[in-house]
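What follows is a single structure, written as structure tokens, with notes after it.
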Amino acid sequence: MQLYQDHQIKIYNSLTGTKETFTPISEGYVGMYVCGPTVYSNVHLGNVRTFMSFDMIFRYLKHLGYKVRYVRNITDAGHLENDADEGEDKITKKARLEQIEPMEVVQRYTVDFHNILNTFNFLPPSIEPTATGHIIEQIELIKDIIDNGYAYEVNGSVYFDVHKFNETNDYGKLSKRKLEDLIHNTRELDGQSDKKNPQDFALWKKAEPQHIMRWPSPWGDGFPGWHLECTAMSTKYLGDQFDIHGGGMDLKFPHHECEIAQNEAAKGQSPVNYWMHANMLELNGQRMSKSTGNTVNPDELLSGNNSFFSKAFAPSVIRFFIAQAHYRSVLDLTDDGLLASEKGFYRLMDAINLLDSLKASETSSINISSWRQACYNTMSDDFNSPMLIANLFEAAKYINQIKDGTATVTADDLALLKESINMFSFDILGLENVTKKDAGTDKLSGAVDILIKLRQEARANKDFALSDKIRDELAAAGIQLKDGKEGTSFSVN
């Protein structure tokens with residue numbers, strides 16, 4: 001019997017606005033799609049928080065015995081500025097500004113994305129498809145939507161007809177917006193594009209002569225719309241209907257709303273049973289924004305090289321801090337908050353590391369089975385990581401009491417406690433067992449990880465002289481790099 005049969009999960013479904021009992025389409029199997037990054041710049045902490053939330057969800061589903069196919073895409077084409085249908089593709093603009101090929105931009109920031117997630121101990125997804133690798137599927141999807149009467153072609157571009165779709169469907173049901181309100185709040189633009197209505201969105205855009213990224217299609221050379229790729233890739237790998245679709249709260253409208261519309265227009269059915277959205281990460285009470293300077297990237301937080309925080313923080317401390325807030329709540333990143341989380345994290349690790357030294361007694365002064373069940377109950381209640389951490393602190397308190405002789409534990413309960421606290425801390429929350437004694441080593445690891453990342457970027461940019469210099473100078477300092485299938489690791493001589 002698998003654990004999921006004993007631990008029924010409830011998920012907050014953004015589509016219905018309620019917690020629902022999770023029943024997968026196929027018993028024992030879960031299909032989950034999460035919108036990945038647009039790789040035109042370094043991944044930011046808000047992205048990390050979203051992906052970390054779904055990494056924890058992925059871990060828990062796997063722990064319960066589900067066979068999970070987790071698909072997380074890479075957007076490497078089609079995402080225009082300001083999430084609109086006009087302007088430059090974000091990747092093309094970056095390539096033009098830096099005078100390099102768009103795929104060099106994609107390679108550089110895909111490497112950065114993977115490096116950051118590896119630093120924070122993420123599990124890789126089952127499949128990580130790219131938009132450019134699925135142009136054919138996107139073109140075929142557009143053909144289906146046109147054939148069903150929900151899209152139209154004008155001057156080499158194809159647009160989704162939102163008004164026509166809304167005659168028989170409910171555009172806005174995920175974000176709880178009414179088309180009438182969208183019409184009322186839309187300002188007509190002088191010389192507006194070829195759209196019939198401002199609410200229509202692009203499925204395929206004609207490539208102007210200067211546009212670098214372009215592909216042939218039945219409507220002429222162009223490139224796909226941003227919303228289209230996720231519909232094409234999610235249904236290709238998970239089927240026309242699948243269990244969970246996740247992403248950041250900012251994607252609910254228009255991106256996820258358009259995904260629903262595209263799938264219903266092409267397939268005649270809603271694609272997803274459970275929509276999940278992770279909330280935003282703020283910095284010192286304000287929205288993170290590059291334009292205002294109120295932002296810090298993961299490398300800066302890990303190295304301490306920033307003007308917001310008093311010191312560097314270990315990856316697991318940051319992961320612990322993020323897990324102390326529910327994935328659906330806004331999380332404010334502050335120096336005081338991180339310092340408090342750091343103390344709590346090391347207190348928990350110190351307690352876990354005491355387990356091997358504890359002496360068993362004839363009786364237990366706490367019911368370990370009930371405590372373990374409480375941990376499962378919190379995680380099964382919409383993945384309530386803050387309550388799980390509260391339970392872990394209860395266990396840490398108990399461990400210290402046993403050490404002091406003010407509490408007792410039997411040998412069987414001690415084994416169950418050790419198994420359970422390690423399982424919830426490391427396997428499910430994804431923490432790593434780092435202690436205060438390791439802080440210096442951890443800082444070294446963080447610094448070397450940054451140099452490894454710079455070396456990988458240099459190699460991606462074919463700057464082999466810089467790549468070799470980083471390797472050789474680290475070797476001269478007694479740090480040996482080792483390249484392997486799983487990436488680059490290091491050892492200290």
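The values are calculated or read from the model by the stated rules, or taken from the named source; none is laboratory data. Please read all numbers here as calculations on a predicted model, not as lab measurements. Cβ placement follows ideal geometry from the backbone for every residue including glycine, while neighbour counts extend to all protein chains displayed. SASA here: full protein model, heavy atoms, side chains in, ligands and nucleic acids out. Shrake-Rupley method; radii C 1.70, N 1.55, O 1.52, S 1.80 Å.
Would you be able to tell me the number of residues in region 41-62 that are open to solvent by 10 Å² or more (accessible area, probe 1.4 Å) and more than 28 Å from LEU283 (Cβ to Cβ)?
Of the residues in that region, 1 qualify.
Matching residues to (1) in contact (Cβ under 8 Å) with a residue 40 or more places away in the chain; (2) not acidic (Asp, Glu):
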site: ARG319; (1), (2): yes, yes
site: ASP332; (1), (2): yes, no
site: ASN353; (1), (2): yes, yes
site: THR363; (1), (2): yes, yes
site: ASN367; (1), (2): no, yes
site: ASP382; (1), (2): yes, no
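Need pairs with beta-carbon distance below 8 Å; first residue of a type in the set (S, T, N, Q) and within region 9-21, second assigned to a strand (DSSP E or B) and open to solvent by less than 50 Å² (accessible area, probe 1.4 Å); sequence gap 6+ or separate chains.
ASN13/GLU20; ASN13/TYR274; ASN13/TRP275; ASN13/MET276; SER14/TRP275; SER14/MET276; SER14/HIS277
Which one of these does THR38 not meet: (1) surrounded by fewer than 18 Cβ atoms within 10 Å (Cβ to Cβ); (2) of a type in the set (Val, Ile, Thr); (3) touching a Lys or Arg at 6+ places or on another chain (Cβ under 7 Å)?
Of everything listed in (1) surrounded by fewer than 18 Cβ atoms within 10 Å (Cβ to Cβ); (2) of a type in the set (Val, Ile, Thr); (3) touching a Lys or Arg at 6+ places or on another chain (Cβ under 7 Å), THR38 misses just condition (1).
So which residues in region 393-425 are over 29 Å from the mean Cα position of the chain (by Cα) and of a type in the set (A, V, I, L, M, F, W, C)?
ALA395, ALA396, ILE399, ILE402, ALA407, VAL409, ALA411, LEU414, ALA415, LEU416, LEU417
Quick one: would you say PHE242 is of a type in the set (A, V, I, L, M, F, W, C) and closer than 16 Å to VAL34 by Cβ? Steps first, answer last, please.
Details: of a type in the set (A, V, I, L, M, F, W, C): yes; closer than 16 Å to VAL34 by Cβ: yes.
Yes.
In the list ASP55, ASP89, ASP76, which residue meets the criterion of being within 23 Å of PRO315 (Cα to Cα) and of a type in the set (Asp, Glu)?
Answer to the selection: ASP55.
Consider LYS19 against the criteria (1) over 30 Å from ASP463 (Cα atoms); (2) open to solvent by 60 Å² or more (accessible area, probe 1.4 Å); (3) at pLDDT below 95: it satisfies all of them except one. Which criterion is unmet?
(3)
Looking only at region 380-409, how many residues end up being within 22 Å of LEU64 (Cβ to Cβ) and either open to solvent by less than 10 Å² (accessible area, probe 1.4 Å) or polar (S, T, N, Q) (or both)?
Residues in region 380-409 being within 22 Å of LEU64 (Cβ to Cβ) and either open to solvent by less than 10 Å² (accessible area, probe 1.4 Å) or polar (S, T, N, Q) (or both): 10 in total.
Mind listing whichever residues of region 227-238 are open to solvent by less than 10 Å² (accessible area, probe 1.4 Å) and either over 18 Å from ALA151 (Cα atoms) or assigned to a strand (DSSP E or B) (or both)?
Once the filter is applied, which keeps residues that are open to solvent by less than 10 Å² (accessible area, probe 1.4 Å) and either over 18 Å from ALA151 (Cα atoms) or assigned to a strand (DSSP E or B) (or both), region 227-238 yields MET233, SER234.
Considering each of PRO124, PRO224, PRO216 in turn, give the residue that is more than 30 Å from ILE318 (Cα to Cα) and either without any contact (Cβ under 8 Å) to a residue 60 or more places away in the chain or open to solvent by 30 Å² or more (accessible area, probe 1.4 Å) (or both). Working first, answer last.
Working: PRO124 fails: more than 30 Å from ILE318 (Cα to Cα); PRO224 fails: either without any contact (Cβ under 8 Å) to a residue 60 or more places away in the chain or open to solvent by 30 Å² or more (accessible area, probe 1.4 Å) (or both).
Exactly one residue qualifies, and that residue is PRO216.
Does region 347-362 hold any residues that are open to solvent by 40 Å² or more (accessible area, probe 1.4 Å) and not in a loop (DSSP other than H, G, I, E, B), and which are they?
Matches in region 347-362: ARG347, ASP350, ASP356, SER357.
Would a scan of region 167-174 turn up a residue that is more than 21 Å from ASN263 (Cβ to Cβ), aromatic (Phe, Trp, Tyr) and either surrounded by 11 or more Cβ atoms within 10 Å (Cβ to Cβ) or modelled with pLDDT under 85 (or both)? Give the steps one after another, and end with the answer.
Step one: of region 167-174, the residues more than 21 Å from ASN263 (Cβ to Cβ) are none.
Checked region 167-174: no residue is more than 21 Å from ASN263 (Cβ to Cβ), aromatic (Phe, Trp, Tyr) and either surrounded by 11 or more Cβ atoms within 10 Å (Cβ to Cβ) or modelled with pLDDT under 85 (or both).
Scan ILE260, ILE244 and give me the residue that is touching a Pro at 6+ places or on another chain (Cβ under 7 Å), of a type in the set (A, V, I, L, M) and surrounded by 15 or more Cβ atoms within 10 Å (Cβ to Cβ). Walk me through how you get there before you give the answer.
On the way: ILE244 fails: touching a Pro at 6+ places or on another chain (Cβ under 7 Å).
Unique residue meeting the criteria: ILE260.
So the check is Cβ under 9 Å with 6+ separation or different chains; which pairs have a first residue in region 459-478 that's under 17 Å from VAL105 (Cα atoms) and a second one that's in a loop (DSSP other than H, G, I, E, B)?
ASN461/ILE100
Suppose we keep only residues that are touching a Phe, Trp or Tyr at 6+ places or on another chain (Cβ under 8 Å) and farther than 16 Å from LEU414 by Cβ within region 363-379. Which one would you say is surrounded by the most Cβ atoms within 10 Å (Cβ to Cβ)?
It comes out as MET379.
Provide a single number: the residues in region 244-260 that are under 24 Å from SER26 (Cα atoms) and in contact (Cβ under 8 Å) with a residue 40 or more places away in the chain.
Within region 244-260, the subset under 24 Å from SER26 (Cα atoms) is 244-247, 256, 259-260.
If we keep only those that are in contact (Cβ under 8 Å) with a residue 40 or more places away in the chain too, we end up with 244-247, 256, 260.
The number of residues fulfilling the criteria is 6.
Would you list the helices (runs of 4 or more DSSP H) that sit entirely within region 40-135 and hold 2 or more residues that are in contact with a Pro (Cβ under 9 Å, 6 or more places away or on another chain) and closer than 23 Å to MET249 by Cα?
On the way: elements: 45-63, 90-98, 102-119.
Helices (runs of 4 or more DSSP H) meeting the threshold: 45-63, 102-119.
Just the residues that are under 17 Å from the mean Cα position of the chain (by Cα) and either surrounded by fewer than 22 Cβ atoms within 10 Å (Cβ to Cβ) or of a type in the set (A, V, I, L, M, F, W, C) (or both), please, taken from region 63-85. Explain how you work it out, then say what you get.
Quick first cut of region 63-85, residues under 17 Å from the mean Cα position of the chain (by Cα) only: 68-76.
Matches in region 63-85: VAL68, ARG69, VAL71, ILE74, THR75.
From the residues in region 367-401 that are assigned to a helix (DSSP H, G or I) and of a type in the set (Phe, Trp, Tyr), which one is farthest from LYS19 (Cα to Cα)?
From region 367-401, those assigned to a helix (DSSP H, G or I) are 368-380, 385-401; that's our starting set.
Within this subset, residues satisfying the condition of being of a type in the set (Phe, Trp, Tyr) are 371, 376, 393, 398.
On the way: TRP371: 24, TYR376: 17, PHE393: 27, TYR398: 33 Å.
By that ranking, first place goes to TYR398.
Give me the pairs: first residue in region 51-75 and small (Gly, Ala, Ser), second residue modelled with pLDDT under 95, beta-carbon distance under 8 Å, and six or more apart or on different chains, which are they?
Note: pairs meeting the criteria are GLY65/GLN2.
Taking the condition within 30 Å of ASP449 (Cα to Cα), without any contact (Cβ under 8 Å) to a residue 60 or more places away in the chain and not small (Gly, Ala, Ser), does PHE313 pass? Talk me through it step by step, then tell me what you get.
On the way: within 30 Å of ASP449 (Cα to Cα): yes; without any contact (Cβ under 8 Å) to a residue 60 or more places away in the chain: yes; not small (Gly, Ala, Ser): yes.
Yes: the conditions hold for PHE313.
Residues in region 262-273: is at least one at pLDDT 95 or above, touching a Ser or Thr at 6+ places or on another chain (Cβ under 9 Å) and hydrophobic (A, V, I, L, M, F, W, C)?
Scanning region 262-273, I find at least one residue that is at pLDDT 95 or above, touching a Ser or Thr at 6+ places or on another chain (Cβ under 9 Å) and hydrophobic (A, V, I, L, M, F, W, C), so the answer is yes.
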